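The values are calculated or read from the model by the stated rules, or taken from the named source; none is laboratory data. Since the model is a prediction, treat every value here as computed from it, not as a measurement. A quick note on method: Cβ atoms are made from the backbone with ideal geometry, for glycine too, and the neighbour counts reach across all protein chains shown. The protein model used for the area step is the full one, side chains on, heavy atoms only, and it has no ligands, DNA or RNA in it. Shrake-Rupley method; radii C 1.70, N 1.55, O 1.52, S 1.80 Å.
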Amino acid sequence: MTAIEEVPLSPAGNPIGFGNMKRVEDQRFVRGQGNYVDDVNLPGMLHSAILRSPFAHAKINSIDTSAAEALPGVVAVITGKILEGIPRPSLLGDNFAWMPTLSYDTQAVLATDKVRFQGQEVAFVIATSRYIAKDALELIDVDYEPLPPVMDAKKAMDPDAAVIRDDKGQTDNSITDVHGHKSWESGNAIGTAEAIAKAEADPDCVVVTQDVMYPRVHPSPMETCGSVAYLDKVTGQLTLYTTSQAPHAHRTVYAMVAGLPEHKIRVISPDVGGGFGNKVGVYPGYVLSIVGSIVTGKPVKWIEDRNENLVSTSFARDYHMKGTIAATKEGKILAVDVDVLADHGAFNGVAQPTNYPAGFFHIFSGSYDYPNAHCKVTPVYTNKAPGGVAYACSFRITEAVYLIERLVDCLAAELGMDPAELRLKNLLRPEQFPYTSPTGWVYDSGQYEKTMRVALEMAGYDELRREQAEKRARGEYMGIGISFFTEGVGAGPRKDMDILGLGMADGIELRVHPTGKAVLRLSVQSQGQAHETTYAQIVAHELGIPPEDIEVVHGDTDQTPFGLGTYGSRSTPVSGAAAAVVSRKVKDKARIIAAAALECSPDDLEWELGRWFVKGDKERGKTIQDIALLSHGSLELPEGVEGHLEAMTVYNPPNLTYPYGCYICVVDVDPGTGQVKVRRFIAVDDCGTRINPMIVEGQVHGGLADGIGMALMELIAFDEDGNCLGGSFMDYLLPTSMECPDYELGETVTPSPHHPIGAKGVGESATVGSPPAVVNAVIDAISPFGVRHADMPLTPANVWRAIQGRPVRVDMAVE
Amino acid sequence: MQVTITINGEQVTRDVEPRTLLVHFVREDAGLRGTHWGCDTSNCGACTLWVDGQAVKSCTVLAAQADGHEVTTVEALETADGLDPVQQGFIECHGLQCGFCTPGMMMTARWLLDHNPNPSEEEIREAISGQICRCTGYKNIVEAIQWAAEHPKTSEVNA
Ligand code: FES
Ligand code: FES
């Protein structure tokens, strides 16, 4: 699908199909005419603010709201006790003080008995202005009795650790999933253990073990979370404008939480200012805005501060991983074993398919050919914010890729082998696809070596190594880091994958109007991905309708069919496929109608873009626009064929798609200060067919910046008292234009064999693939100091400590 | 207190609390929602607009401080001549995704080009370094501003 030049152009100059097309959305955004949740103002609307806990763990003895209630402008103050008093006919829990998480755990909407993390929701003030609501927070008097917090995941299961979830009758801080499991295993435990033991005993083999921490980070979209809720008491209709990546799934959760009938709930996710997984979960704030509207009878707006966003909404990662890799001395990988301690925070609020409680971490065996792999993930509660699956992680493939790519580099160091050579020796070969991994994933397609060679070529790898050797001789420290990643994206199929019992398949509807213009209704939700552009291109590609003639509707549950939404790079693999399939249904129907009009058999017709014509007589034909009009007209249609030109489908993906890529990062490190400068970043992605290459590349750029940020700057750490040390953009450092280089992008195209247009998801590839490339480069740079590993973020202080051989603990402020 | 601010050439007079931030005045009182808010700490630049021709973070200015001054927001970039080259550049070079940082980025970009019509890549990166974009990784924003530099406004060409 690289032959973009062959795609015909529409009257407006857009490709009628795949290719670079300017985004439809930009017209409103560059004019400042986007419509984000905080831009929604309804008549009579009230504002709100949430009182949050200053403690990570404390008993609540009492809450006095009287002074706050007395403040002029305050309409209501809601506490957990009030919510407890509101019974609900609910599927999950029996009162409003608790709500279900997307992982079958419960989470407090407002704390009643205890607070369990710093920043937890304690009271909700509704007032006539946001300023007054904030003032009122100061007037609420909460009597807390501090309890010892559990901040160190490694100590969460100590016998003397405080029990966090006593509300559930727990006696320790273990987490039990919906299937009753306390740890999550995959792969071949015995075979892997045997292979490693054999390698240990074999003088021709090596075994390398490394502790690798993927610290807690935060997706931090530029727009924080928020909602505007309005319950119309007369009609019983609840309308919720909200920052949601999954409006339909959210609606179902609200039906469960609020006990409201689903057909009376309308969730509208207008323009969303970035998501990255931060807007998948259902947060107490959303629920509180609904409760606020129920209580006051008015629309209630809730908009998070940045601090609230950082300390309370879905964090990412927090995986303590120990990896063991065994290989021959020639560099053939034999086995990988992984043990993970997973910090899930105070409520198990991860948003991921039910049968994958560790997400897709189990894909950790990576892009390499070896028979034995095993992992065990043990989750624990701590007194930290809930979440875990977010920040463009493809359901924790980020952690998996980081682990294997660090292990491979550690192995290369042990063997004294070039990390590129070691990877090339072990990459899966094209003839092995479809490839079943040792942990059971079926990779659909790939030409790994080809892709890696493109990256090495673009980087000028051999020349870089020569330069590095020269510089080292002069006492200058440059590093070259490689990462090769494989992702599995596009959840379902529905039989294997669901969230809260909702199967991961997505509906779509296509309607062609009498004049040949069309409207496409999607279940997935853009947060900047430009669905209004790319989905029109898919329909254009299939039907020949100019993309400017296709309206794409999304983000409103009243106007779109049910589906699970946009996260885990699933839009293109699932709904992109749905768009192609529904277009083909319309095309099939158009053929019957064209045949009726041309008085021939449908079998006598042949398709060219935008038109059915009679085989052998190209002049005799009907365009899709002609057919649209005919379908609405008086033409007599064959028996059983209904009028109009429209179709719907629910796409149930047969498998995930497996995008992959090879990234190379070049850094310069100042050993005196520990300062890292990312000099170059080469990214070669293979995401199959590219619908709009410009948009693909833009998403890759964004992910590379994420990776640079996580590798070098971003961190949500805590002190031993439970204080979050990353609660503002002064402490949680995001990359700016100064830290990011001018990326160099390349591509190979290996279509997915099971996707109707051969496309794979790409939205998270760079976020997944880039952190190990940066870290591998930094470690490569400072390896002359005997450093084999250092945990992210590789801030100047941490790099300096690593060079000095001083221990570093990134997740906790402990010395 | 009463505050009068000329926003995009129109006088807006409102009674506001003295602590009202300019970003809130512009968004809520003047109803111009193209200017965004993204942080509590003056780090993100989503709120960037101009006061008397200077690009400022409007979350860091009180409405009262802008009393009697001229404010220019993203809504004023487009004129009867059409989109500002900066706006066009962001479209041409795919300089935006979710669009949330975009108004602030464009206001800085226009300010930069007005003061330095041919900035180097380094100067562009420096100019937007006080602003955060989570979507684009900055490369295409830099290119968008370069595009705008290469396509000056018709009024500038004539001048
Ligand atoms: S809102 Fe003004 S700098 Fe972030
Ligand atoms: S375009 Fe989304 S933050 Fe910049």
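Being at the interface with chain B (Cβ under 9 Å from one of its Cβ atoms), without any contact (Cβ under 8 Å) to a residue 24 or more places away in the chain and open to solvent by 20 Å² or more (accessible area, probe 1.4 Å) is the requirement here; does A:M694 meet it? So A:M694 fails the test. Checking each residue in region B:73-90 for being in contact (Cβ under 8 Å) with a residue 24 or more places away in the chain and more than 16 Å from ligand 1 (Cβ to nearest atom) picks out B:E75, B:A76, B:L77, B:D81, B:D84, B:P85, B:V86, B:Q88, B:G89, B:F90.
Contact map, region B:22-43: first residue under 12 Å from A:I303 (Cβ atoms), second residue away from ligand 1 (no atom under 13 Å from the Cβ), Cβ cut-off under 6 Å, separation 6 or more or different chains; pairs are B:R27/B:R33. Only one entry of A:F315, A:F360 meets the criterion of being more than 16 Å from ligand 2 (Cβ to nearest atom) and over 28 Å from A:V40 (Cα atoms), and that entry is A:F360.
The set of residues from region A:520-551 being over 12 Å from A:S583 (Cβ atoms), away from chain B (no Cβ under 14 Å), open to solvent by 10 Å² or more (accessible area, probe 1.4 Å) and not in a loop (DSSP other than H, G, I, E, B) comprises A:R521, A:E548, A:D549, A:E551. Among (1) touching a helix residue (DSSP H, G or I) at 6+ places or on another chain (Cβ under 7 Å); (2) away from ligand 1 (no atom under 13 Å from the Cβ), where does B:C47 come up short? The single condition B:C47 does not satisfy is (2). For region A:67-97, a tally of residues being over 17 Å from A:I294 (Cα atoms) and either modelled with pLDDT of 90 or more or touching a Lys or Arg at 6+ places or on another chain (Cβ under 9 Å) (or both) returns 8.
Yes or no, residue by residue, for (1) part of a loop (DSSP other than H, G, I, E, B); (2) free of Cβ contacts under 8 Å to residues at least 12 places away in the same chain; (3) open to solvent by 60 Å² or more (accessible area, probe 1.4 Å); (4) facing another protein chain (nearest Cβ under 9 Å):
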residue: A:G13; (1), (2), (3), (4): yes, yes, no, no
residue: A:F18; (1), (2), (3), (4): yes, no, no, no
residue: A:M21; (1), (2), (3), (4): yes, no, no, no
residue: A:G34; (1), (2), (3), (4): yes, no, no, yes
residue: A:G44; (1), (2), (3), (4): yes, no, no, no
residue: A:I50; (1), (2), (3), (4): no, no, no, no
residue: A:F55; (1), (2), (3), (4): yes, no, yes, no
residue: A:N61; (1), (2), (3), (4): no, no, yes, no
residue: A:A68; (1), (2), (3), (4): no, no, no, no
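Residue pairs whose Cβ atoms lie under 7 Å apart, sitting 6 or more positions apart in sequence or on different chains, and linking a residue in region A:488-499 that is within 14 Å of A:H362 (Cβ to Cβ) to a partner that is of a type in the set (V, I, T), are A:G488/A:I363; A:G488/A:I397. Residue by residue through region A:708-737, note down the ones that are in a helix (DSSP H, G or I) and either within 12 Å of chain B (Cβ to nearest Cβ) or among the polar types (S, T, N, Q) (or both). Across region A:708-737, the qualifying residues are A:I708, A:G709.
Is it the case that region A:268-282 has a residue that's open to solvent by 10 Å² or more (accessible area, probe 1.4 Å), within 14 Å of another protein chain (Cβ to nearest Cβ) and within 16 Å of ligand 1 (Cβ to nearest atom)? Looking for residues that are open to solvent by 10 Å² or more (accessible area, probe 1.4 Å), within 14 Å of another protein chain (Cβ to nearest Cβ) and within 16 Å of ligand 1 (Cβ to nearest atom), one finds none in region A:268-282, hence no.
Mind telling me which of the residues A:T235, A:T239 ends up being open to solvent by 10 Å² or more (accessible area, probe 1.4 Å), away from every other protein chain (no Cβ under 14 Å), away from ligand 2 (no atom under 16 Å from the Cβ) and part of a loop (DSSP other than H, G, I, E, B)? After applying the criteria, what remains is A:T235. Annotation note: Cβ proximity below 6 Å between a residue of region A:306-318 that is at the interface with chain B (Cβ under 9 Å from one of its Cβ atoms) and a residue that is more than 16 Å from ligand 2 (Cβ to nearest atom) (sequence gap 6+ or interchain) occurs for A:R306/B:D40; A:N307/A:G727; A:N307/A:S728; A:N307/B:D40.
Quick check, is B:L113 outside any strand (DSSP E or B), open to solvent by less than 60 Å² (accessible area, probe 1.4 Å), at the interface with chain A (Cβ under 7 Å from one of its Cβ atoms) and not β-branched (V, I, T)? Judged against the criteria, B:L113 is not a match.
Residues of region B:39-55 include at least one that is away from ligand 2 (no atom under 16 Å from the Cβ), under 30 Å from A:L42 (Cβ atoms) and modelled with pLDDT under 95.
A:A249 passes every criterion in (1) of a type outside the set (D, E); (2) farther than 30 Å from B:G34 by Cβ; (3) assigned to a loop (DSSP other than H, G, I, E, B) apart from (3). Go through region A:392-438 and give me each residue that's of a type in the set (V, I, T) and over 14 Å from A:E487 (Cα atoms). Across region A:392-438, the qualifying residue is only A:V408.
Looking across region A:411-458, the residues that are over 15 Å from A:E747 (Cβ atoms) and among the charged types (D, E, K, R) come down to A:E414, A:D418, A:E421, A:R423, A:K425, A:R429, A:E431, A:D444, A:E449. Residues that are more than 9 Å from chain A (Cβ to nearest Cβ) and open to solvent by less than 10 Å² (accessible area, probe 1.4 Å) were ranked within region B:61-94; the one that is nearest to A:V696 (Cα to Cα) is B:G89.
The set of residues from region A:440-454 being closer than 25 Å to A:F361 by Cβ and crowded, with 19+ Cβ neighbours inside 10 Å comprises A:W441, A:Y443, A:D444, A:S445, A:G446, A:Y448, A:T451, A:M452.
Yes or no: B:S129 facing another protein chain (nearest Cβ under 7 Å) and farther than 14 Å from A:F29 by Cα? Considered against the rule, which asks whether it is facing another protein chain (nearest Cβ under 7 Å) and farther than 14 Å from A:F29 by Cα, B:S129 comes out as yes. For A:V291, which of the numbered conditions (1) part of a helix (DSSP H, G or I); (2) touching a strand residue (DSSP E or B) at 6+ places or on another chain (Cβ under 6 Å); (3) crowded, with 23+ Cβ neighbours inside 10 Å fails to hold? A:V291 satisfies all of (1) part of a helix (DSSP H, G or I); (2) touching a strand residue (DSSP E or B) at 6+ places or on another chain (Cβ under 6 Å); (3) crowded, with 23+ Cβ neighbours inside 10 Å except (2).
Restricting to region B:116-149, give me the number of residues that are open to solvent by less than 50 Å² (accessible area, probe 1.4 Å), within 15 Å of ligand 2 (Cβ to nearest atom) and more than 21 Å from A:P221 (Cα to Cα). Result for region B:116-149: 2. Per the conditions (1) at negative phi; (2) open to solvent by 10 Å² or more (accessible area, probe 1.4 Å); (3) in contact with a Leu (Cβ under 9 Å, 6 or more places away or on another chain), the sole criterion not satisfied by A:K495 is (3).
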